[in-house]
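Down below is the structure, laid out as C-alpha coordinates.
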Amino acid sequence: MKTPDLSTRQLRAFLALADQYNFTRAAQSCHLSQPAFSAVIRGLEDALGTRLFDRDTRSVQLTPEGRLFEGSARRLLDDMGGAIRDLADHVERRKGRVRVAALPSLAAGWLPTILAEFQHAWPGITLELHDALSDACIAQLRGGQADFALASSEAGTASASDLLARKLCSDRFHLVCRADHPLATEPRLTMKKLAPWPFIQMARNSSVRQSLDAALHPLRLNATFEVEHLATVMGLVEAGLGISAVPALTLFHFRRETLVTRPLPLPALKRTVYLVRRREGSLSVAAQTLHDLIIARLGALQLD
(Lines give C-alpha, C1' and ligand atoms only; values in the text may rest on other atoms or scores of the structure.)
Protein backbone atom coordinates (compact mmCIF):
# COMPACT_ATOMS: atom_id res chain seq x y z
CA MET A 1 0.00 0.00 0.00
CA LYS A 2 1.37 3.37 -1.01
CA THR A 3 1.82 5.74 1.92
CA PRO A 4 -0.86 8.43 1.59
CA ASP A 5 -0.12 12.14 1.76
CA LEU A 6 -1.92 13.46 4.80
CA SER A 7 -2.32 17.11 5.73
CA THR A 8 -2.32 18.67 9.19
CA ARG A 9 -5.81 19.97 8.31
CA GLN A 10 -7.06 16.41 7.93
CA LEU A 11 -5.37 15.27 11.15
CA ARG A 12 -6.82 18.18 13.14
CA ALA A 13 -10.30 17.52 11.75
CA PHE A 14 -10.02 13.82 12.62
CA LEU A 15 -8.95 14.55 16.21
CA ALA A 16 -11.61 17.22 16.64
CA LEU A 17 -14.29 14.70 15.69
CA ALA A 18 -12.67 12.00 17.82
CA ASP A 19 -12.86 14.38 20.79
CA GLN A 20 -16.31 15.88 20.13
CA TYR A 21 -18.21 12.91 18.62
CA ASN A 22 -20.32 15.56 16.93
CA PHE A 23 -19.90 16.90 13.39
CA THR A 24 -21.37 20.33 14.12
CA ARG A 25 -19.20 21.06 17.16
CA ALA A 26 -16.09 19.57 15.53
CA ALA A 27 -16.62 21.66 12.39
CA GLN A 28 -16.98 24.81 14.51
CA SER A 29 -13.76 24.08 16.41
CA CYS A 30 -11.95 23.79 13.06
CA HIS A 31 -13.59 26.99 11.72
CA LEU A 32 -15.19 25.07 8.84
CA SER A 33 -18.72 24.73 7.62
CA GLN A 34 -20.22 21.32 8.30
CA PRO A 35 -20.22 20.30 4.58
CA ALA A 36 -16.57 21.34 4.24
CA PHE A 37 -15.68 19.49 7.45
CA SER A 38 -17.45 16.34 6.28
CA ALA A 39 -15.53 16.55 2.99
CA VAL A 40 -12.22 16.71 4.89
CA ILE A 41 -13.12 13.57 6.91
CA ARG A 42 -14.21 11.71 3.76
CA GLY A 43 -10.96 12.70 2.04
CA LEU A 44 -8.94 11.37 4.97
CA GLU A 45 -10.82 8.08 4.98
CA ASP A 46 -10.40 7.76 1.20
CA ALA A 47 -6.66 8.42 1.52
CA LEU A 48 -6.30 5.77 4.25
CA GLY A 49 -8.60 3.29 2.51
CA THR A 50 -10.77 2.65 5.57
CA ARG A 51 -13.60 4.10 7.63
CA LEU A 52 -12.46 5.88 10.76
CA PHE A 53 -15.93 6.68 12.17
CA ASP A 54 -19.23 4.88 12.48
CA ARG A 55 -21.93 7.49 12.16
CA ASP A 56 -25.68 7.56 11.92
CA THR A 57 -28.30 10.20 12.52
CA ARG A 58 -27.86 10.02 16.28
CA SER A 59 -24.20 9.23 17.05
CA VAL A 60 -20.59 9.26 15.89
CA GLN A 61 -18.10 6.64 17.12
CA LEU A 62 -14.54 5.69 16.24
CA THR A 63 -14.18 2.41 14.37
CA PRO A 64 -11.51 -0.03 15.59
CA GLU A 65 -9.25 1.34 12.82
CA GLY A 66 -10.09 4.86 13.96
CA ARG A 67 -9.05 4.06 17.53
CA LEU A 68 -5.83 2.52 16.19
CA PHE A 69 -5.11 5.65 14.15
CA GLU A 70 -5.94 8.14 16.92
CA GLY A 71 -2.71 7.71 18.89
CA SER A 72 -0.57 8.01 15.76
CA ALA A 73 -2.47 11.09 14.62
CA ARG A 74 -1.85 12.82 17.96
CA ARG A 75 1.86 11.98 17.84
CA LEU A 76 2.12 13.22 14.24
CA LEU A 77 0.54 16.55 15.13
CA ASP A 78 2.65 16.89 18.28
CA ASP A 79 5.83 16.14 16.30
CA MET A 80 4.84 18.62 13.59
CA GLY A 81 4.05 21.27 16.19
CA GLY A 82 7.36 20.63 17.93
CA ALA A 83 9.26 20.87 14.64
CA ILE A 84 7.57 24.17 13.76
CA ARG A 85 8.22 25.60 17.23
CA ASP A 86 11.85 24.50 17.10
CA LEU A 87 12.31 26.09 13.68
CA ALA A 88 10.65 29.30 14.89
CA ASP A 89 12.99 29.38 17.89
CA HIS A 90 15.99 29.16 15.54
CA VAL A 91 14.60 31.76 13.13
CA GLU A 92 13.82 34.13 16.01
CA ARG A 93 17.30 33.41 17.51
CA ARG A 94 15.91 31.98 20.72
CA LYS A 95 17.89 28.80 20.00
CA GLY A 96 20.79 27.82 17.79
CA ARG A 97 24.50 27.14 17.62
CA VAL A 98 27.32 29.10 16.00
CA ARG A 99 30.83 27.72 15.54
CA VAL A 100 33.68 30.15 14.86
CA ALA A 101 37.31 29.38 14.04
CA ALA A 102 39.60 32.32 14.72
CA LEU A 103 43.25 33.30 14.89
CA PRO A 104 44.47 33.10 18.51
CA SER A 105 45.24 36.83 18.53
CA LEU A 106 41.58 37.56 17.73
CA ALA A 107 40.16 34.77 19.88
CA ALA A 108 42.02 36.00 22.96
CA GLY A 109 42.08 39.74 22.43
CA TRP A 110 39.28 41.32 20.48
CA LEU A 111 36.67 38.69 19.69
CA PRO A 112 35.48 37.91 23.27
CA THR A 113 33.84 41.35 23.61
CA ILE A 114 31.84 40.67 20.45
CA LEU A 115 30.86 37.20 21.64
CA ALA A 116 29.72 38.71 24.94
CA GLU A 117 27.65 41.34 23.10
CA PHE A 118 26.09 38.63 20.94
CA GLN A 119 25.30 36.31 23.86
CA HIS A 120 23.77 39.15 25.84
CA ALA A 121 21.41 39.86 22.94
CA TRP A 122 20.62 36.19 22.18
CA PRO A 123 21.32 34.14 25.32
CA GLY A 124 19.68 30.98 23.96
CA ILE A 125 22.27 30.55 21.21
CA THR A 126 25.27 28.34 21.99
CA LEU A 127 28.65 29.67 20.85
CA GLU A 128 31.67 27.52 20.02
CA LEU A 129 35.08 29.11 19.54
CA HIS A 130 38.01 27.22 18.01
CA ASP A 131 41.26 29.19 18.35
CA ALA A 132 43.80 28.02 15.80
CA LEU A 133 46.36 29.20 13.28
CA SER A 134 45.10 30.25 9.86
CA ASP A 135 45.64 26.93 8.09
CA ALA A 136 43.80 25.06 10.84
CA CYS A 137 40.97 27.62 10.81
CA ILE A 138 40.47 27.09 7.08
CA ALA A 139 40.66 23.30 7.48
CA GLN A 140 37.92 23.42 10.13
CA LEU A 141 35.80 25.61 7.87
CA ARG A 142 36.19 23.25 4.93
CA GLY A 143 35.57 20.23 7.16
CA GLY A 144 32.28 21.64 8.46
CA GLN A 145 33.51 22.10 12.05
CA ALA A 146 33.11 25.89 11.76
CA ASP A 147 30.41 28.08 10.22
CA PHE A 148 32.97 30.74 9.32
CA ALA A 149 36.54 31.67 10.16
CA LEU A 150 38.64 34.70 11.00
CA ALA A 151 41.91 34.02 9.21
CA SER A 152 44.75 35.78 7.42
CA SER A 153 45.50 36.22 3.73
CA GLU A 154 48.56 33.99 4.02
CA ALA A 155 46.28 30.96 4.37
CA GLY A 156 45.31 31.34 0.70
CA THR A 157 41.78 32.44 1.56
CA ALA A 158 41.61 35.29 -0.91
CA SER A 159 41.88 33.11 -4.02
CA ALA A 160 40.33 29.78 -2.93
CA SER A 161 37.50 28.83 -5.31
CA ASP A 162 35.44 27.11 -2.60
CA LEU A 163 35.60 30.02 -0.14
CA LEU A 164 34.34 33.57 0.13
CA ALA A 165 36.78 35.88 1.91
CA ARG A 166 35.84 39.39 3.02
CA LYS A 167 38.66 41.69 4.08
CA LEU A 168 38.10 43.16 7.52
CA CYS A 169 41.32 45.04 8.19
CA SER A 170 45.05 45.20 7.57
CA ASP A 171 46.95 44.64 10.78
CA ARG A 172 50.17 46.66 10.93
CA PHE A 173 53.23 45.35 12.75
CA HIS A 174 54.90 46.78 15.84
CA LEU A 175 58.33 46.33 17.36
CA VAL A 176 58.30 44.75 20.82
CA CYS A 177 61.34 45.18 23.05
CA ARG A 178 62.32 45.87 26.64
CA ALA A 179 61.97 49.44 27.84
CA ASP A 180 65.75 49.61 28.39
CA HIS A 181 66.60 48.27 24.93
CA PRO A 182 68.40 50.69 22.54
CA LEU A 183 65.61 50.29 19.96
CA ALA A 184 63.05 51.59 22.47
CA THR A 185 64.31 55.13 21.83
CA GLU A 186 65.77 54.74 18.32
CA PRO A 187 64.63 57.86 16.38
CA ARG A 188 64.00 56.05 13.09
CA LEU A 189 63.20 52.36 13.03
CA THR A 190 64.10 50.25 10.00
CA MET A 191 64.32 46.51 9.53
CA LYS A 192 68.06 46.84 8.89
CA LYS A 193 68.40 48.31 12.38
CA LEU A 194 66.36 45.45 13.81
CA ALA A 195 68.17 42.70 11.88
CA PRO A 196 71.35 42.39 14.05
CA TRP A 197 69.47 41.98 17.33
CA PRO A 198 68.43 38.55 18.67
CA PHE A 199 64.90 38.05 17.31
CA ILE A 200 62.04 35.95 18.73
CA GLN A 201 60.21 34.33 15.80
CA MET A 202 56.78 32.76 15.68
CA ALA A 203 56.31 29.28 14.20
CA ARG A 204 56.60 29.03 10.42
CA ASN A 205 52.93 28.10 9.95
CA SER A 206 51.65 31.15 11.84
CA SER A 207 50.18 34.15 10.03
CA VAL A 208 52.60 36.42 11.93
CA ARG A 209 55.63 34.54 10.64
CA GLN A 210 54.26 34.21 7.12
CA SER A 211 53.63 37.96 6.95
CA LEU A 212 57.14 38.74 8.19
CA ASP A 213 58.82 36.32 5.79
CA ALA A 214 56.87 37.66 2.80
CA ALA A 215 57.55 41.32 3.59
CA LEU A 216 61.25 41.00 4.56
CA HIS A 217 62.53 38.60 1.90
CA PRO A 218 65.47 38.35 1.25
CA LEU A 219 66.47 40.04 4.53
CA ARG A 220 67.31 37.51 7.23
CA LEU A 221 66.65 38.19 10.90
CA ASN A 222 68.91 37.01 13.71
CA ALA A 223 66.37 34.45 14.98
CA THR A 224 67.29 32.92 18.32
CA PHE A 225 63.97 31.35 19.33
CA GLU A 226 61.02 30.03 17.32
CA VAL A 227 57.88 29.59 19.42
CA GLU A 228 54.20 28.73 19.02
CA HIS A 229 52.51 31.25 21.32
CA LEU A 230 52.55 35.03 21.70
CA ALA A 231 52.60 34.70 25.48
CA THR A 232 55.93 32.92 25.07
CA VAL A 233 57.19 35.73 22.86
CA MET A 234 56.26 38.19 25.61
CA GLY A 235 58.08 36.19 28.28
CA LEU A 236 61.25 35.84 26.23
CA VAL A 237 61.31 39.53 25.27
CA GLU A 238 60.68 40.59 28.87
CA ALA A 239 63.57 38.39 30.00
CA GLY A 240 65.89 40.27 27.62
CA LEU A 241 66.42 37.30 25.29
CA GLY A 242 65.47 39.19 22.14
CA ILE A 243 63.10 41.53 20.34
CA SER A 244 60.14 40.73 18.12
CA ALA A 245 57.65 42.20 15.65
CA VAL A 246 53.94 41.48 16.07
CA PRO A 247 50.64 42.72 14.58
CA ALA A 248 48.63 45.47 16.27
CA LEU A 249 45.79 43.08 17.20
CA THR A 250 48.21 41.08 19.36
CA LEU A 251 49.55 44.01 21.42
CA PHE A 252 47.35 43.20 24.41
CA HIS A 253 49.89 40.47 25.20
CA PHE A 254 52.63 43.09 25.65
CA ARG A 255 51.00 45.74 27.85
CA ARG A 256 53.64 45.77 30.58
CA GLU A 257 55.68 48.54 32.12
CA THR A 258 58.87 46.63 31.34
CA LEU A 259 58.10 46.54 27.59
CA VAL A 260 57.83 49.06 24.77
CA THR A 261 55.84 48.65 21.55
CA ARG A 262 56.44 50.92 18.56
CA PRO A 263 54.83 50.98 15.10
CA LEU A 264 57.14 49.82 12.32
CA PRO A 265 56.95 52.30 9.42
CA LEU A 266 57.03 49.61 6.72
CA PRO A 267 53.98 49.68 4.39
CA ALA A 268 54.64 46.17 3.06
CA LEU A 269 54.71 44.65 6.53
CA LYS A 270 51.11 43.92 7.40
CA ARG A 271 48.77 41.03 8.04
CA THR A 272 45.35 41.09 6.35
CA VAL A 273 42.49 39.66 8.37
CA TYR A 274 39.59 38.07 6.50
CA LEU A 275 36.20 36.78 7.51
CA VAL A 276 35.91 33.55 5.51
CA ARG A 277 32.92 31.33 4.78
CA ARG A 278 32.14 28.51 2.38
CA ARG A 279 30.98 29.66 -1.05
CA GLU A 280 28.23 27.03 -1.27
CA GLY A 281 25.27 27.10 1.10
CA SER A 282 23.71 29.64 3.41
CA LEU A 283 24.59 30.39 7.01
CA SER A 284 22.00 29.73 9.68
CA VAL A 285 20.13 32.76 10.98
CA ALA A 286 22.23 32.69 14.17
CA ALA A 287 25.54 32.32 12.32
CA GLN A 288 24.62 35.08 9.86
CA THR A 289 23.80 37.40 12.76
CA LEU A 290 27.19 36.88 14.40
CA HIS A 291 28.90 37.09 11.00
CA ASP A 292 27.32 40.51 10.39
CA LEU A 293 28.09 41.73 13.92
CA ILE A 294 31.77 40.86 13.49
CA ILE A 295 31.88 42.72 10.18
CA ALA A 296 30.33 45.78 11.83
CA ARG A 297 32.72 45.76 14.80
CA LEU A 298 36.03 44.54 13.38
CA GLY A 299 35.49 46.31 10.08
CA ALA A 300 35.30 49.61 11.99
CA LEU A 301 38.83 49.19 13.37
CA GLN A 302 41.33 51.65 11.94
CA LEU A 303 44.43 49.50 11.65
CA ASP A 304 45.53 50.30 8.09
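The values are calculated or read from the model by the stated rules, or taken from the named source; none is laboratory data. Given the structure is predicted, the values throughout are model-derived calculations rather than measurements. As a convention, Cβ positions derive from the backbone with ideal geometry for all residues, glycine included, and neighbour counts pool all protein chains shown. Side chains included, ligands, DNA and RNA excluded: accessible areas come from the protein's heavy atoms. Shrake-Rupley method; radii C 1.70, N 1.55, O 1.52, S 1.80 Å.
The list (1) 15.2; (2) 22.6; (3) 16.9 gives values of mean projected area of the Cα convex hull in nm², and only one came from this structure; which label was calculated from it? So the structure-derived entry is (2).
Given a Förster radius of 30 Å and the C-beta distance between LEU283 and SER170 as r, what FRET efficiency does 1/(1 + (r/R0)^6) yield to the nearest 0.05?
On the way: r = 25 Å, r/R0 = 0.83.
Efficiency at R0 = 30 Å is approximately 0.75.
Annotation for HIS31 and ALA121: the two label points, set 7 Å from Cα along the Cα-Cβ direction, are 3.4 nm apart. In order along the stretch 29-38, phi translates into HN-Hα couplings of 5, 9, 6, 10, 5, 5, x, 5, 5, 4 Hz, rounded to whole numbers, per the Karplus curve 6.51 cos²θ - 1.76 cosθ + 1.60 with θ = phi - 60° and x for Gly and Pro. Assuming R0 = 22 Å, what is the FRET efficiency of THR190 and ALA214, from their Cβ-Cβ distance, to the nearest 0.05? Result of the calculation: an efficiency of 0.80. Comparing SER206, SER38, LEU249 along the charge dipole axis of the chain, the residue lying farthest to the positive side is LEU249, per the Cβ-charge model. Name the aspartates and glutamates eligible as straight-distance cross-link partners of LYS167: C-alpha to C-alpha under 16 Å, and not fewer than 8 places from it in the same chain. Partners found: GLU154, ASP292, ASP304.
Of the peptides 239-251, 20-32, the ranking by mean beta-carbon count within 10 Å, highest at the top, reads 239-251, 20-32. From its DSSP helices (H runs of at least four residues, each -39,500 (n - 2.57)), the chain gives a residue-normalised ellipticity at 222 nm of -12500 deg cm²/dmol. The calculated FRET efficiency for ARG262 paired with HIS130, based on their beta-carbon distance and R0 = 41 Å, is about 0.80.
Computed with a 1.4 Å probe over protein heavy atoms only, the accessible surface of the stretch 34-138 comes to 56 Å² per residue.
Quote to one decimal, in nm, the extra length available between LEU68 and PHE252 on full extension: 0.36 nm per residue of separation minus the C-alpha distance between them. The partial results should precede the final answer.
Values: separation 184, 0.36 × 184 = 66.24 nm, distance 6.75 nm.
Between LEU68 and PHE252, full extension yields an extra 59.5 nm.
The phi torsions of the stretch 108-113, fed into the Karplus equation with coefficients 6.51, -1.76 and 1.60 and a -60° offset, translate into couplings of 9, x, 9, 5, x, 5 Hz, rounded to whole numbers, with Gly and Pro shown as x. So the label point goes 7 Å from the Cα of ASP19 along Cα→C-beta, right? Which residues of the stretch 62-101 then have their backbone N under 19 Å from it? Only 62-63, 66-85 fall inside the zone, counting backbone N under 19 Å.
Skip the ligands, DNA and RNA, and give the accessible area per residue of the stretch 218-304 with a 1.4 Å probe, whole Å². Walk me through the numbers on the way to the answer.
On the way: 4520 Å² over 87 residues.
Using a 1.4 Å probe on heavy atoms only, each residue of the stretch 218-304 averages 52 Å².
How much of the accessible area of the chain, in percent, comes from carbon and sulfur atoms when a 1.4 Å probe is used? After summing per-atom areas, the C and S share lands at 51 percent. Fully extending the segment from ALA83 to ARG12 would add 23.9 nm, taking 0.36 nm per residue of separation and subtracting the current Cα-Cα distance.
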